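Everything below concerns the one structure shown next.
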């Protein structure tokens, strides 16, 4: 789907630094207006409609407000007694037996027929997508175990889904992207990668353990992951570039929060999807890092490279993603780590560390030495002085994310230049220093006026899903 | 839409240039063709970078693109037109 431009005409002209709509390229953008007042006075300044859509005083459907009264919701056919009243009690009983209230009793029958488009995975994908359709039913689920509302194969009277690991990975990736994930990777757990799981939850302090149990369990003190759950699915959720550019103001915090919220609900969708296929899927009880290290699993799954931010930088979206992980017993084909020259670029760049208002980020080369007890050793990293960052959050009454905003990899792909430079960085590190200088000369990394955010015409979630923008 | 309009304008310009070249019986060497085509590619890149950078809210990057790519484009374009013209004038003289 093609989205509108992320800018309205007014902002476009403001950005260009032109006072009217008479010069050069701006003329192309404003063919019907003579000055800014006309633009702002126009309904288009309020709402963008395609040119063939006209606003009318009355809707195209005829309404007689005198005849209409408020309607009783129980009389809609979604209310089962009302449905019975409409089609007759006997027929309603017959349909309920074969289809349940909304067709769910027919799921098993349809899947057994195994027809194209109606296979087990199709049903599971749909169930995962719609689990939150009735939020009133899900008030008290444990995020670690998932909503557990989708019918399992056992409940449907069908065998659990079986596929080759490669097929399963493809299937999970397709479902996750549909649910809202930007990029997806998989890690097969071994004695090393298990170390990326926290021993205790950061927030409720519950112990996270692996055990020879059949089912995942959660008690008041523990979360138990079955040993046969050997695969971690890692996925990223995008944040809005225009919001990140308005760091450290609430506009930037909003896109962080939205991505975290989306990540949580995407994980729930995945849990329901895998449950319907007959597998367990354990997610984080608190999406801000209660189960495992996001950066660690992101690196191992090849979602991105560990950077000077001591966070991931992805080749697709730079650092402006949030990274999530779930663990499952569905066999998956692991994805390999990646090298796009980004970590090497960090060595000479240092733009984030220079811009950091609290000097939290390291200006030195990567080191095995941790900065404090808050760091987990064993990685040659740009360890950050994290408490300083959180002091800033508390003092500023918000958070920060300036480092993400100024990172040279925080680019949209609206100009060819970025892809060209990214390929140069990946293949020719000798130019890294010069490219960092060019990033400054071209004016990138300058934080934007937070007030101007309200004048933008952004696509849903603030990013165009058809591009990296 | 931008690219559609730009394509129309560019196509018309190229057509006019080729007609003018034919009418004036101007002969171009291979390296003049290379300079002309390189200039055209650079102009396209300038326009793409300008529109893209403005859409990204990066006006400085837009104008720096004009500077870094536009100047070589103009130089190459002028050379591609001037060199065969001068040669023609010289041969007539």
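Each of the peptides A:187-196, A:110-119 was scored by the mean count of other Cβ atoms within 10 Å over its residues; in descending order, highest first, they stand as A:187-196, A:110-119. Inter-chain Cβ neighbour count for B:66-76, averaged per residue, equals 1 (cutoff 10 Å, partner chain atoms only). Placing a pseudo-label 7 Å from each Cα along the Cα-to-Cβ vector at residue B:60 and residue A:205 gives an inter-label distance of 4.9 nm.
Structure remark: mean-square fluctuation, Gaussian network model of chain B, C-alpha springs under 10 Å; the largest value among B:63, B:20, B:33 belongs to B:20. In whole Å, how far is the Cα centre of the stretch B:61-93 from that of the stretch A:151-198? Result: 58 Å between the Cα centres. For the stretch A:101-205, rounded, prolate or oblate, judged on the Cα gyration tensor with a ≥ b ≥ c (square roots of eigenvalues), a/c < 1.5 rounded, else prolate if a/b > b/c? Cα axes put the stretch A:101-205 in the oblate bin.
Extension gain, residue A:102 to residue A:416, is 108.1 nm, computed as 0.36 nm per intervening residue step minus the present C-alpha separation. Only counting other Cβ atoms within 10 Å, I'd like A:390, A:270 sorted with the fewest neighbours first. Lowest count first: A:390, A:270.
Cα-based radius of gyration for the stretch B:1-87, normalised by 2.2 N^0.38 Å, reads 1.23. What FRET efficiency comes out for the pair residue A:134/residue B:17, r = Cβ-Cβ distance, R0 = 56 Å, nearest 0.05? So the FRET efficiency works out to roughly 0.25. With 0.36 nm allotted per residue and the present C-alpha distance subtracted, the residue A:220-residue A:354 stretch has 43.8 nm of extension available. Take the alpha carbon atoms of the stretch A:274-300, find their center, do the same for the stretch A:87-120, and report the distance between the two centers in whole angstrom. Centre-to-centre (Cα) distance: 33 Å.
Note on A:311, B:90, A:121: ascending count of other Cβ atoms within 10 Å places them as B:90, A:121, A:311, the fewest first. For the protein assembly as shown, the direction-averaged projected area of the alpha-carbon convex hull comes to 36.8 nm². Seen through its C-alpha gyration tensor, with square-root eigenvalues sorted a ≥ b ≥ c, the stretch A:165-462 comes out prolate because a/c lies at 1.5 or above while a/b is bigger than b/c.
Taking 20 °C and 1.002 mPa s as conditions, the stretch A:74-113 diffuses translationally at an estimated 204 µm²/s according to Stokes-Einstein applied to its Kirkwood radius (Cα pairs). Contact order, relative form, for chain A: 17 percent (alpha carbon pairs under 8 Å, 6 or more residues apart, mean separation divided by residue count). When you restrict to C-alpha pairs under 8 Å that are six or more residues apart and normalise by the size of the stretch A:367-469, the relative contact order lands at 20 percent. Applying D = kT/(6 pi eta Rh) to the stretch A:259-303, where Rh is the Kirkwood radius over alpha-carbon pairs, T corresponds to 20 °C and eta to 1.002 mPa s, the Stokes-Einstein value obtained is 187 µm²/s.
Legend: ranking of residues A:47, A:436 from fewest to most surrounding C-beta atoms inside 10 Å; resulting order A:47, A:436. For the pair residue A:347 and residue A:393, what calculated FRET efficiency results from E = 1/(1 + (r/R0)^6), where r is the Cβ-Cβ distance and R0 = 35 Å, to the nearest 0.05? Plugging the Cβ-Cβ distance into 1/(1 + (r/R0)^6) gives 0.80. Determine the distance separating the Cα centre of the stretch B:16-33 from the Cα centre of the stretch A:439-468; give it in Å without decimals. With the stretch B:16-33 and the stretch A:439-468 each reduced to a Cα centre, they are spaced 44 Å.
Kindly identify the stretch A:372-443 as rounded, prolate or oblate by the Cα gyration tensor criterion: order the square roots of the eigenvalues as a ≥ b ≥ c, call it rounded if a/c is under 1.5, otherwise compare a/b with b/c, prolate if a/b is larger, else oblate. Here the stretch A:372-443 falls in the oblate category.
The helix-only estimate of mean residue ellipticity at 222 nm for the protein assembly as shown, built from DSSP H runs of length n ≥ 4 each weighted as -39500 (n - 2.57), is -13000 deg cm²/dmol after division by the residue total. For residue B:34 and residue B:67, what is the calculated FRET efficiency with R₀ set at 22 Å and r taken between the beta-carbons, to the nearest 0.05? Between residue B:34 and residue B:67 the formula returns 0.45.
No lab work stands behind these numbers, since they all come straight from the coordinates. Predicted, not measured: the structure shown is a model, and the values here were computed from it. Here Cβ is always computed from backbone atoms with ideal geometry, including for glycine, and neighbour counts include all displayed protein chains.
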